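Taking it in order: structure first as structure tokens, then the write-up.
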Amino acid sequence: MGRTVLFVCSTPNHVRIFSPVARILADSEDAPSIRYLSLDPYYRQGVGQTLREQGWQEHIALPRPSSDTSTPWEGGPLARMRILRQGRRAVRRLMRDIQADVIVLGNDIGPLERVLIGEAHAQHVPSLLVQEGVLALDDAPFARFSLPRRAVHKIMMALGLRLPDPKPCGLNGADHVAVMGEAMAEWLVAHGLSPAQVTVTGQPRYDFLYALKHRAVSPKPLSVRLPDAEKIILFASQPYIRYKMCSAQEARQIWQTVIEGVKGLGDGHHLVAKLHPAEDVEWTRRWLADILPARWTLTRDDDVFSLTARADALVTVISTTALEALYLEKPVVLVDACGVRQPIPYVPSGAALSARGAAELTVRLGEALYDENVRARLDQARRAFVPKQLDIADGKASERVANLIRTLARA
């Protein structure tokens, strides 16, 4: 191949998505040069550590003055302008120095990812977006600003101090999009992409999920010990406060709803709270010390697929983990909290249950675990719902993405 492929990693999940693809490319006869770019200096997501854990010791961190540690979602307007200015300069230098033949991203909404796509276009380098998780398949617009504020935004964009508001994922300029299933492909085409720009590859991370479901591999060892004689309720959390999904009070209410909902089931039920990579275990433990029973489990770094395989049911507010649990034939209950929109119709499809408040969560978990009529109804809906959202027909998504990269690199 004799070419250079640049994998852009905004989060640890992107490393896990790209690693099997990169290994296939590296092991081929026409192996390209594999380069990894971490956006950690700007996003602080722990990408560098995950790259090292995956065996990619040599990687690039997008340069940034070491004195500046703000992130786009934690800083104010001035911090975001500074990040954009720093990022633009760093991206231009990096793309000029690396001379990539194709760049591969897992996100096209973040400011630096959009700068990278724009610079790739300017240098006539093809860009590929690989769908990371479930995305909203509706036309709900981003927040509309007042006319005076939009006028200010327009001036700032002209001065290079602001990017245009992002469009929904997949519509922000990448030359090609590799998606998880037919539903996303149809949605992107309906919203302006040509069919030639979209390929249903499946999700490379889910090659392991396929093997796990078909017992070709064993679950990965867990760092936490779970009771064998109790039902395991897995709660997939999100960085509600850090990502400004809701207020601190609303976030605590979510946790209280889940904790009290599981307590309501009585003895023989064990809650395992799986934190998002952007959450802090020790801070969360202290924050919830007065409501989270010490015997229940809090973890962040254990493999989420292996935890899901071990669980008897999954609870979440909004997480791709819900779709993964459905694929593994686990019942799912979604907590309706703080106005968070569900990205895909889990509940309207009948594939998952919904609960508002702890008392209703107890009832829905009881149904999902013990009511055979409800379980049969969920199973039937799940069988119709999952294949459209998630193409895991053969466990070879990594190969399809690798072949797509080869095609784009030759273009």
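The values are calculated or read from the model by the stated rules, or taken from the named source; none is laboratory data. None of the values given here were measured: they were computed from a predicted structure. Note that we place each Cβ from the backbone using ideal geometry, even for glycine, and neighbour counts take in every protein chain shown.
Just a few scattered comments:
- Residue match in region 288-311 (condition: assigned to a loop (DSSP other than H, G, I, E, B), in contact (Cβ under 8 Å) with a residue 24 or more places away in the chain and surrounded by 21 or more Cβ atoms within 10 Å (Cβ to Cβ)): yes
- Test: residue in region 243-255 that is of a type in the set (A, V, I, L, M, F, W, C), modelled with pLDDT under 95 and under 18 Å from residue 320 (Cβ atoms): yes
- Of the residues making up region 383-399, those that are crowded, with 18+ Cβ neighbours inside 10 Å, of a type outside the set (Asp, Glu) and either farther than 25 Å from residue 312 by Cβ or over 21 Å from the mean Cα position of the chain (by Cα) (or both) are 397, 398.
- Each residue in region 234-264 was checked for being buried (at least 21 other Cβ atoms within 10 Å of the Cβ) and not in a helix (DSSP H, G or I), and 6 of them qualify.
- Selection from region 312-333 of residues that are crowded, with 24+ Cβ neighbours inside 10 Å, closer than 17 Å to residue 215 by Cα and in contact with a Lys or Arg (Cβ under 8 Å, 6 or more places away or on another chain): 326
- Every residue from region 206-237 that is of a type outside the set (A, V, I, L, M, F, W, C), closer than 30 Å to residue 283 by Cβ and either in contact with a Ser or Thr (Cβ under 6 Å, 6 or more places away or on another chain) or not assigned by TED's automatic domain parsing to the domain that holds residue 368 (or both): 219, 220
- Against the criterion of being more than 15 Å from residue 106 (Cβ to Cβ) and either in a helix (DSSP H, G or I) or within 21 Å of the chain's Cα centre (by Cα) (or both), residue 41 qualifies.
- The residues of region 47-79 that are among the charged types (D, E, K, R) and modelled with pLDDT of 85 or more, listed by number, are 52, 53, 58, 64.
- Only one entry of 52, 80 meets the criterion of being assigned to a helix (DSSP H, G or I), touching a Pro at 6+ places or on another chain (Cβ under 6 Å) and surrounded by fewer than 20 Cβ atoms within 10 Å (Cβ to Cβ), and that entry is 80.
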